Amino acid sequence: MSNDVAMSNHVQEPARWAGEDIEQPWTPGEGLGVAGGALKRHFGSMLLRTLGLYLATFLLPLFPIFDALLAEGALAAVRDAPLPPRSFGRLLVRALRLAGFRILTALAVLLLPGLVFGTCALAGVFSPWEYTSALPALAVGLAFRLKFAFTPFFIVEDDRPLFEAMRRSWKATSTCMVSIFFYDVMLLPIYALGLVPIVGSTLSLGLERLGHAYGYARATGRNELPWQKPDYAAKIVRRYLRIIFVTLLAVFAVLTAWIRTLPTLRGSAWSLKDTILRAGAIVSSVTAILIGLALLLPYVLDRLERRGFSSFVGARHIRAQKSGFLTVISALAICGVALSSCSLSSVVNVMGGFGQDLKRKILGNNAHIVIDMTSQSTWEGYDDVLTKVRLVPGVTGATPVVHGEGMISSPSNLSGVIVRGVDPGTIGGVIELPNNIEVGKFEYLEHPEKLAHLAPDEVIGLGSHGEQFLKGTELGLPDDIDPQVRDAIMAKPVRPGIIIGRELAKTLHVYVGDEVTLVSALGDLGPMGIMPRTRKFRIAAIFFSGMYEYDASHVYTTLDVADEYFALGNKVHAIDVKVENAERADAFTGPITDAMARPELRVRDWREINRNLFSALKLERFATFIILSIAIIVASFGIICTLLLMVTEKGKEIAILKALGARDRSIMQTFMTEGIIIGAIGTTFGLASALSLCTGLKWFGLRLDPDVYYIDRLPINVDALDFLSVGVAAMVICTLATVYPAYAASTLRPMDGLRYE
C-alpha cells in the first residue's frame, strides 16, 4: 500500500516547467547559436569548470566532480538561470553516477574497436579490408554516444540513478538523434582546437556540453526559452562557417610557411613532425575550399531564382526543408556525385602523375631519337653522320653510343649488366647522366687516376636513410717505414672508370673507388675454346635515375674503353639525339633521315621505341575512367529517387500549375533543372575537393617508401583537361538521370493530382 502511495505521489508531482514533457523541435544551427551565446555570457564560469575538468584528467578522483559541475553549469548557462542550491553529499552522489556513465561510455566507444584492432594486430593482419570488421564496433560506439547524450543532465537535475537516467535519455533522444549527430559534426573543427591547452579545450568542451544541454532542455520541454526566428539557424551556420573559413586559411598559411623551413627528406627517411604538418596543410586547404563553396551556394541559388520560372522553382525546391536539399535522399545524392567525381578526378590525376613521372625518367635516361641499324649491329662512319645530324634545325645534342651485355663482379657478388660506352663530352647534352650522379664525380670517368687517391672526407656511398659514408684514412703502415716503400705498397693501379646505378651498387656491396671486374661472353679464341674477356674497372660514380631497371642493370664507361673492350674497331651501335621539343620528336625523324642520306640506318623517336608501354598506360587510364564513371552512374540513382519522390509529394502543386496553364514542357524543364542543380552542386564540390587535394599533394608531397615503390613521393599531374572531362561526364550522366522523373511529372494530369485533395 505504501508503495502505491509513493508511486502516486511521484506521478502527481507538479511540473517545474510550463512545457515539461512536451517535446520541442530544434536544429543544429539553432543549438550552435544558443550555445555560443551562453558561452559568451557565462565565459568566466564555464572557463573555471572546463579548466577544472581539464586539470582533473591528471587527478582522476576529481574528474567526476568537475564533470558534474560542468553539466550543472551548462544547463544553467543555456537557461540563463542561476545555479540551483546543492550539498556536497548530493554532488558526490552525482559524481559517482557520472563516473559510472563515463566508464560505460569508454567501454562502448573504445573497448569494442580496440578489441578488433588489437586482435588484427596480434594476428599480424594489416590489410585495410580486415580492419573494416571494426566498423560495426565503431557504429555501436557512435550510437551509444548519441542515444545517451542527455544522461548527465538527467543525473544532475533529477538525481536519477544511472540506469534510470540512461533509460530516460534513450527515450528523449529518439526524435532528435539526427540533430545531435549533425551538431557534433559541425563541431569537428572546434574539436581540433581541443589540442590547444586551456583555451582550446574550454571552447570545444564548453560548446559540446552547452549544445547537448540545449538539446536536453528542448527535448524534455524544461525551459522557458524564446522561439527563434525562422532564419536564425541559417544565419548562425553562415557566421560559423565564415569564422571556420578564415581560421582554416590562417592555419594553412602558417603551416605552409613552417613547411618551407623544414629540411628535405631523402631516401626512406621519415619524420612524424614533417608528415603531420604536411597532412595538416592539405586537410586545412581542402576543408577551407569546401566551406568556401558552401558559403557561395546561397548566392548562386539566389541568382538562379532570378533567371526564370523553371530555375526559380527548381532552386526553391533545392532550398525547401521538406523536400530537396535538406532531405536525406537529396543529401545522399549530392554526396554520392561529389565522392564519385572526386575519386575519379583524383585517380585520373594520380595515374597521369605516374605516366608523367615515367615519361620524365625515360627521357632523362634515353635519347629523344635513336639512329641505329635494324639488326642492332655496329656500323662505321658515324663522325660524318654526327656532323650532319647536329646541323638539323631543332637538334640540341647528339652523341655516339656503344652497348653490349656482360657480367660484373665484386668480391662479394655478381650481376648481369648492360654496358654503355659514351662520350663524356657530349653525353650530358642528350641524357641526364651527369645530373643523376649522387655519389662520386662524373669527371672521374675521364680521369680515373684521381680514384686512386681519394681524400679522406670524400663521400663514397649513401645509407638507406641518406646518411653519408666517407672514404676515411687508409689502413696505415708503421711510421718508421721508408716513404718510397710506403708509396710503392700503398699505390693503387690505375683502372678505367665505370659508373653504376644505386641498386647495382647495393647488390655488389661496392662504393666509389672500389674495383670491379667486367666479364663479356664475347671473348677471344684460346686453346680451350672461346675464353671470356675480362677487365678490371674502378667505380667512378653511382647514379640514381629513378627507374629500377636502369639503376640495377646499366653501367657507363667511356666510348674508347668500351670500343676496345668489345673489340669493335672504331664502330658504334647507335647515335642518340636530343631535340628541343620532346613532345614533337616524331616531326624531326624525317629531316634527320634526309640529312644523313644513309638508307641502311633507321631513325626512331622515343614514343616508337616505347610504344607498347605507353599504349598500355593509355588503355589502363581509359579503362579506369570508364570503371569509375560507373560510380557516378550509381550516384545519379539518388537524383532519380529524389525527383520521383518530389513528383509524388508535389503532385497537387503540379496539378494546380497545369490547371493554371503551365505546359508539359515547362513542368519537365522545372524538374530537369532541379536535378541538374543537384548534380552540379555535387560535381562542383567533388571537383573542387579533388583539385585542392591533388594540388596539395603536388605542393607538399605524400611520402612513399622508396624501397617498395622506388619513388619517395606520390607523383601528381594536375591537368585542367582531366578535370574538365570528369565534370562534363558527371553533368551528362546527371542530366540523363533527370529525364524520366521530369517526364513523369510532365505527364501528370490535373485530375490525378487533385483527386484526393
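Just so it is clear, none of the values below were taken in a lab; they were calculated from the coordinates. As the structure is a prediction and not an experimental result, all values here were calculated from the model. Cβ coordinates were reconstructed from backbone atoms using ideal geometry, including for glycine residues, and neighbour counts include every protein chain displayed.
Structure notes:
- Positive-pole candidate from Ser346, Leu142, Val603, dipole of the chain, charges at beta carbon: Leu142
- Contact order for the chain, expressed relative to its length and based on alpha carbon pairs under 8 Å spaced 6+ residues apart, stands at 16 percent.
- Using θ = phi - 60° and Karplus 6.51 cos²θ - 1.76 cosθ + 1.60, couplings along segment 371-386 (whole Hz; Gly, Pro as x): 10, 8, 8, 4, 7, 6, 8, 7, 8, 10, x, 6, 4, 5, 5, 4
- Shape call, segment 369-584: gyration tensor on alpha carbons, a/c limit 1.5: prolate
- Counting only Cβ charges, +1 for Lys and Arg and -1 for Asp and Glu, the dipole size of the chain around its Cα centre is about 3720 debye.
- Taking amide H as placed 1.01 Å from N in the peptide plane, Arg222 has its amide H under 5 Å from the amide H of Asp21, each at least 5 places away in sequence or on another chain.
- In this structure the amide hydrogen of Arg713, modeled in the peptide plane, comes within under 5 Å of the amide hydrogens of Leu704, none closer than 5 places in sequence on its chain.
- Inter-label distance, nm, simple model (7 Å from Cα along the C-beta direction), Lys273/Asp384: 6.6
- Per-residue Karplus couplings for segment 410-416, computed as 6.51 cos²θ - 1.76 cosθ + 1.60 with θ equal to phi - 60°, are listed in order as 10, x, 10, 6, 8, 7, x Hz, Gly and Pro entered as x.
- Between helix 664-700 and the chain: long-axis angle, C-alpha atoms, 0 to 90°, nearest 10: 50
- For the chain, the convex hull drawn through the C-alpha positions has a volume of 278 cubic angstrom per residue.
- C-alpha long axis of helix 272-305 to longest principal axis of the chain, angle in °: 60
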